[in-house]
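**Q** Just dropping this structure here.
Read the figures in this text as sums done on the coordinates, not as results from a lab. Because the structure is predicted, anything quoted here is derived from the model rather than measured. In this analysis, Cβ positions are derived from the backbone assuming ideal geometry, glycine residues included, and neighbour counts consider all displayed protein chains.
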Amino acid sequence: MLIDVTKIKKIAGKAFPFKLEAQWPPLELQGETLSFKGPLTVEGTATNTGRIILVDGTVSVTLQRPCGRCLEPVTQSLQAPFSEEYLHVSEKGQDLAGTDEEKLVIFEGNNIDLAPQVRENLLLELPMSGLCRQDCRGLCPVCGQNLNVRECDCQPVNIDPRLQVLEKFLKS
Ligand SMILES: [Zn+2]
Ligand SMILES: [Zn+2]
């Protein structure tokens, strides 16, 4: 996801609109696989604010991930705000008039690659889990049957596994 800043670097103060699209491979997040349906897009503007190039915009994507309860695939559309400040490596260490240099992303050459920050922003905005529906009944903890599809004959297990350990301990 590259922005060519050759022109932007030459003109201070002007906002250059851009729209980038890319197909992304699935992301692994804490054992969960997030796959992308269709392209991921970033739309916004890139502005040369003097030394820094400010990239502002919105990341839009449609994700497919397992339902947090029954593991069936769930589709989620997500829009994440995007705002990052980029500094060319040659400007590093210069006086940046009050800008927090730690927050700047350093780039080389004439292209800014948005991909790492897009990924970060996306993961920040990601809801904790996706449910196929609000009242998803999940999987039977005993036999693994998807309870949305049909009931099973297992005895309901309502005991928290941590309490079970305690119960064993109290009995012994
Ligand atoms: Zn579900
Ligand atoms: Zn069962």
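**Q** Note the full-extension length gain between Gln76 and Cys140 as 0.36 nm times their separation in residues minus their Cα-Cα distance, in nm to one decimal.
**A** 20.6 nm
**Q** Another question, if that's okay. For a quick check: sort Leu87, Leu29 by the number of other beta carbons within 10 angstrom, fewest at the front.
**A** Result, fewest neighbours first: Leu29, Leu87.
**Q** Mind giving me the nanometre distance, one decimal, between the label points for Ser60 and Asp113, set 7 Å out from Cα along Cα→Cβ?
**A** Once both label points are built, they end up 2.6 nm from each other.
**Q** A further question on this structure: Lys and Arg at +1, Asp and Glu at -1: add these up for the other residues within a Cβ distance under 14 Å of Leu131 and post the number. Write out the running numbers ahead of the final one.
**A** Details: positive: Arg65, Arg69, Arg133, Arg137; negative: Glu32, Glu72, Asp135.
Neighbour charge sum, excluding Leu131 itself: +1.
**Q** Could you give the length gained by full extension between Cys152 and Gln30, i.e. 0.36 nm per residue of separation minus their alpha carbon distance, to one decimal place? Intermediate results must be reported in sequence, preceding the final value.
**A** Values: separation 122, 0.36 × 122 = 43.92 nm, distance 2.97 nm.
Working it through step by step, the gained length comes to 41.0 nm.
**Q** For segment 2-134, give the magnitude of the charge dipole about the Cα centre (Cβ charges: +1 Lys/Arg, -1 Asp/Glu; no others), in debye to the nearest 20.
**A** Working: 13 positive and 18 negative charges, 88 e Å.
The calculation lands at about 420 debye.
**Q** As a check on your grasp of the helix formula, calculate [θ] at 222 nm for the chain: sum -39500 (n - 2.57) over DSSP H runs of n ≥ 4, divide by the residue count, round to the nearest 500. Mind showing how you got there, number by number?
**A** Working: 3 runs with 27 residues, N = 172.
Mean residue ellipticity at 222 nm (helix-derived): -4500 deg cm²/dmol.
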